[in-house]
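Colleague: Structure in structure tokens, see below.
The values are calculated or read from the model by the stated rules, or taken from the named source; none is laboratory data. Note that the coordinates shown come from a computational prediction; the quantities given were computed from them, not determined experimentally. Note that we place each Cβ from the backbone using ideal geometry, even for glycine, and neighbour counts take in every protein chain shown.
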Amino acid sequence: METLTVDDVTEHPTRIIHDVEKGEIALVTKEGRPLFVAVPVDKQLIELGLPLALAIRLYEQEAVSLGKAAQIAAVSVSEFIDHLGARRIPVARYSPDELEEEIAQFG
């Protein structure tokens, strides 16, 4: 998720369009406060509705935690995990180092 200021959007209006066309969410701020979010309209947004589609996209982009994403979607964490599973989106995210540590503990 890219964060743009109102000045960024005013000076470079196509920047927000390019982000959304790439499937990315763009957060626009004014004086450091969030003002609005530009969300790509795609099949997922149409099928799931804005809260759930936004939460999934933010979670996929690692912009929010699992708990925060569930809160945005207005569902329980377990329901959100089910939605992720249905879309084959991994819930556990390990860096290569973290994964090696986890595997070493079982060895």
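Colleague: Would you mention how many residues in the stretch 9-56 are farther than 26 Å from residue 76 by Cβ, part of a helix (DSSP H, G or I) and charged (D, E, K, R)?
Modeller: Final tally of qualifying residues: 4.
Colleague: For residues that are assigned to a loop (DSSP other than H, G, I, E, B) and of a type in the set (Val, Ile, Thr), tally how many sit in the stretch 81-98.
Modeller: Taking the stretch 81-98 as the starting set, the residues that turn out to be assigned to a loop (DSSP other than H, G, I, E, B) are 87-95.
Narrowing the set further to residues that are of a type in the set (Val, Ile, Thr) leaves 89, 91.
Residues meeting the conditions: 2.
Colleague: Residue by residue through the stretch 68-88, note down the ones that are surrounded by fewer than 15 Cβ atoms within 10 Å (Cβ to Cβ) and within 16 Å of residue 45 (Cα to Cα).
Modeller: Hits for the stretch 68-88 are 74, 86, 87.
Colleague: Residue by residue through the stretch 41-56, note down the ones that are within 29 Å of residue 95 (Cβ to Cβ) and either at pLDDT below 90 or more than 15 Å from the chain's Cα centre (by Cα) (or both).
Modeller: Result: 42, 44.
Colleague: How many residues are outside any helix (DSSP H, G or I) and either under 18 Å from residue 49 (Cα atoms) or aliphatic (A, V, I, L, M) (or both) when one looks only at the stretch 64-80?
Modeller: First, the residues of the stretch 64-80 that are outside any helix (DSSP H, G or I): 64-65, 74-76.
Subset that is either under 18 Å from residue 49 (Cα atoms) or aliphatic (A, V, I, L, M) (or both): 64, 74-76.
Result for the stretch 64-80: 4.
Colleague: Now a separate question. Before we move on, is residue 22 of a type in the set (D, E, K, R) and loosely packed, with under 13 Cβ neighbours inside 10 Å?
Modeller: Details: of a type in the set (D, E, K, R): yes; loosely packed, with under 13 Cβ neighbours inside 10 Å: yes.
Yes.
Colleague: Please name all residue pairs, on different chains or six or more residues apart, with Cβ atoms under 7 Å, provided the first residue is in the stretch 25-36 and is surrounded by 10 or more Cβ atoms within 10 Å (Cβ to Cβ) and the second residue is among the charged types (D, E, K, R).
Modeller: Filtered contacts from the stretch 25-36: 25/57; 26/2; 26/19.
Colleague: Given 102, 62, which one is under 18 Å from residue 1 (Cα atoms) and out of contact with any Gly (no Cβ under 6 Å at 6 or more places or on another chain)? Outline the logic, then answer.
Modeller: Details: 102 fails: under 18 Å from residue 1 (Cα atoms).
None of the other options fit; the residue is 62.
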